[in-house]
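Visitor: Below are the structure tokens for one structure; questions will follow.
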Amino acid sequence: MKKLLAVLLSVILIASVFSACAKDEETNATPEPTASAGEVTKEPAATDAAEPTEVPETTTDAANQTASQFPVAVVNDNQSIEGGILKVALVTDSAFAGVLNPCFYEDNYDSQILGWFTEPIISYDENFVADQDGVATYEYDATAKTITLHMREGVKWHDGEPVTLDDLVYAYEVICHKDYQGLRYSESEMNVVGVEEYHNGTADTISGLELSADKMTLTIHFKDFYPSILVGGFWTAPIPRHYYEGIPINEMAADEKTRATPIGFGPFKIKNVVPGESVEFERYDDYWMGKPKLDGVTVTVVNPELVPTAMQEGRFDVATFSVQQYPNYKNPTNYQYIGEVQTVFSYTGFKLGKWDAEKNENIYDANTKMANVKLRQAIGYAVDNATLGETFYNGLRFLATTVITPRHSAYQNKEMTGFVYDPEKAKQLLDEAGYKDVDGDGFREDPNGEQFTITWATMEGENAETYAQFKMQCWAEVGLRVELFNGRLTEFNAFYEAVEMDDPAIDMYDGAWQTGYDPNPDALWGRLSSANYTRYTSDTFDAITDDISSDKAWDNAFLAQRYKDWQQAFFDEAPAIPTLWRVAIDAVNNRVKNYELTASDIKLTAHLIELTAEEPMK
């Protein structure tokens, strides 16, 4: 393994040199924003490789300490110019999907584009609790189990029509409709009174959405009222009823009003979309927070490997920077770094059932290839993710001990060490589960003595081939034969399509999620969550998440304990193996002013961004 690691490191260093010298076309870049509250987005998976290391005392503290080395906002005291176009890069080696509607988008790349022209109506404080700074204010009544929203006057869609709370009702009607095919219909929506009757077709409206005659006040009635409702636990992103009316819900995601000419009420409006490649925005003068300082923004896809050279040459203003290439560019002269711990975790998931679209629920199958929990645990112990983060991500990735990220440290079970690299333990678990090398070829057969091969799906990406080969070698070291899905790495969009559609050829996969503000695990791992791609369900999980989403959760000690219980149960049952948490860094050109990473639903800053020169500095 040490020899293999040395070879892989050499390959990566060579690859880094070539990517740093590569010529780039005109490109732009953008930071990776936090997902809107209550939402989750698909991420490119972290790729990995390593040799044994000691686990830090607390990886949450390590992540926070590392992030503290970077400011979250740029420092620039130079004189601003009037207007200008901010050149932003969408850093990916794939085309973006272009589903530009808050109800339907699924991945982080579309989320980044949406962030320039859409907003939720509720804002949140630094602790992710709803506050009064958004386009709607609110009050709640825990006894009555209601939240009442009040829309500010004068907020307009980009076509000039007023934004009302009927547009939020419309978003609920879209998400909760029987023909809706996106990720958003989940237990948080079902917790609204009347949603299930509407979804089942026994009611034409959602009775728990009580709208005033002027459409500027909305009272939402919940079946159960619990703390996480105030932490992104209800839907807050309106869509314009007048704009989409007449388009069937099952056609809305593909319609040109979503793909080519979407509207929002954010600081910039879409001027032109080149599908999968770029989006051009222009200033929206009637923005409710005031006329934006910039004339516009361009967002263009750029390959991650080309970012350093393009950034040095001043081809764009903002780019998510590769943590693998970062050590070679620690002291830039024409740009600066900002960074933060993300609400992102990478994981290895196991395919353990199917999604039943008719019943809208996951169906666990105890007869799947990966159903043996000791097999799943062995797969987790076989790879050293701690050294992976330190060695291949230059200390900017950290062993994920749970799927609750460091940004939600108050909810973490900090007593857990996670799946620490322990190949001997992996071998022992496999022996106990009956997976043994019967024919002496170095690979284990299944408990029936039949050849055992695991098909693993993982994405294309920077040095992904090297990492994939290393992980397969790690698993081979404990006697597991693992082969790539379709014999190769999979493009980002094709990967998630195959995983989401439960392709029967996939046994396990490496993915990542960017979570919303609410750490309630039901959104990603619940019985009724279509985003639970493992399709695993558990009575233990149900009992705990029922408590987290109950009146009992107002007792802080009780809530904290149930979160700890859930994380322990997730570790014990291992439907997925958390692998890495992330600190992300962005490179920002020195002509950019008032730019920061703080999510737009915590602090609105895009309208304040300014430039101090006509073109990016070189």
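The values are calculated or read from the model by the stated rules, or taken from the named source; none is laboratory data. Keep in mind it's a predicted model, so treat the numbers as computed, not measured. Counting neighbours? That spans all protein chains shown, and the Cβs are built from the backbone with ideal geometry, glycine included.
Visitor: Which one is nearest to Ala531 (Cα to Cα), of the residues in region 331-376 that are part of a strand (DSSP E or B) and of a type in the set (Asp, Glu)?
Guide: Step one: filter region 331-376 for residues part of a strand (DSSP E or B), giving 335-350, 353-356, 361-364.
Narrowing the set further to residues that are of a type in the set (Asp, Glu) leaves 340, 356, 361.
Details: Glu340: 25, Asp356: 12, Glu361: 10 Å.
Selected residue: Glu361.
Visitor: Can you tell me which residues in region 176-212 are crowded, with 17+ Cβ neighbours inside 10 Å, more than 29 Å from Arg152 (Cα to Cα) and of a type in the set (Val, Ile, Thr)?
Guide: Once the filter is applied, which keeps residues that are crowded, with 17+ Cβ neighbours inside 10 Å, more than 29 Å from Arg152 (Cα to Cα) and of a type in the set (Val, Ile, Thr), region 176-212 yields nothing.
Visitor: Follow-up. Against the conditions (1) at positive phi; (2) over 24 Å from the mean Cα position of the chain (by Cα), where does Val195 fall short? Just the number, please.
Guide: Here Val195 meets the rest and fails (1).
Visitor: Let me ask something additional. Within region 508-516, identify whether any single residue is modelled with pLDDT of 95 or more and of a type in the set (A, V, I, L, M), and answer yes or no.
Guide: Yes, the conditions are met somewhere in region 508-516.
Visitor: In addition: Can you go through Asp131, Asp77, Asp110 and tell me which one is surrounded by fewer than 20 Cβ atoms within 10 Å (Cβ to Cβ) and not assigned by TED's automatic domain parsing to the domain that holds Tyr326?
Guide: Every option except Asp131 fails the conditions.
Visitor: Within region 452-474, is even one residue in contact (Cβ under 8 Å) with a residue 60 or more places away in the chain, assigned to a loop (DSSP other than H, G, I, E, B) and among the polar types (S, T, N, Q)?
Guide: Checked against the condition, which is being in contact (Cβ under 8 Å) with a residue 60 or more places away in the chain, assigned to a loop (DSSP other than H, G, I, E, B) and among the polar types (S, T, N, Q), region 452-474 yields at least one hit.
Visitor: I need a count of the residues in region 458-486 that are farther than 17 Å from Ile506 by Cα and among the hydroxyl-bearing types (Ser, Thr, Tyr).
Guide: Of all residues in region 458-486, those farther than 17 Å from Ile506 by Cα come to 461-467, 469-470, 473-474, 476-479.
With among the hydroxyl-bearing types (Ser, Thr, Tyr) added as a condition, the list becomes 466-467.
Within region 458-486, residues that are farther than 17 Å from Ile506 by Cα and among the hydroxyl-bearing types (Ser, Thr, Tyr) number 2.
Visitor: Select from region 377-394 the residues that are outside any helix (DSSP H, G or I) and closer than 19 Å to Met472 by Cβ and list them in ascending order.
Guide: Ala382, Val383, Asp384, Phe392
Visitor: Let me ask you something else. With a cut-off of at least 2 residues that are closer than 18 Å to Tyr335 by Cβ, under 22 Å from the mean Cα position of the chain (by Cα) and not aliphatic (A, V, I, L, M), name the strands (runs of 3 or more DSSP E) lying wholly within region 256-321.
Guide: On the way: elements: 268-274, 278-283, 296-302, 318-321.
Fully inside region 256-321 and qualifying: 318-321.
Visitor: Right, something else. Given the structure, is Ser529 over 30 Å from Leu388 (Cα atoms) and in contact with a Leu (Cβ under 9 Å, 6 or more places away or on another chain)?
Guide: So Ser529 passes the test.
Visitor: Still on this structure: Checking Asp542 against (1) surrounded by 21 or more Cβ atoms within 10 Å (Cβ to Cβ); (2) assigned to a helix (DSSP H, G or I), which single condition isn't satisfied?
Guide: (1) is the only condition that Asp542 fails.
Visitor: Another question, then. Just to check your reading of the model, which residue among Lys359, Lys425 is assigned by TED's automatic domain parsing to the domain that holds Asp502 and free of Cβ contacts under 8 Å to residues at least 40 places away in the same chain?
Guide: Lys359
Visitor: Going by the structure shown, is Gly511 out of contact with any Asp or Glu (no Cβ under 7 Å at 6 or more places or on another chain) and either assigned to a loop (DSSP other than H, G, I, E, B) or surrounded by fewer than 22 Cβ atoms within 10 Å (Cβ to Cβ) (or both)?
Guide: Against the criterion (out of contact with any Asp or Glu (no Cβ under 7 Å at 6 or more places or on another chain) and either assigned to a loop (DSSP other than H, G, I, E, B) or surrounded by fewer than 22 Cβ atoms within 10 Å (Cβ to Cβ) (or both)), Gly511 does not qualify.
Visitor: Let me ask you something else. Within region 243-255, track down each residue that is surrounded by 14 or more Cβ atoms within 10 Å (Cβ to Cβ) and either assigned to a helix (DSSP H, G or I) or aromatic (Phe, Trp, Tyr) (or both).
Guide: Hits for region 243-255 are Tyr243, Tyr244, Ile249, Met252.
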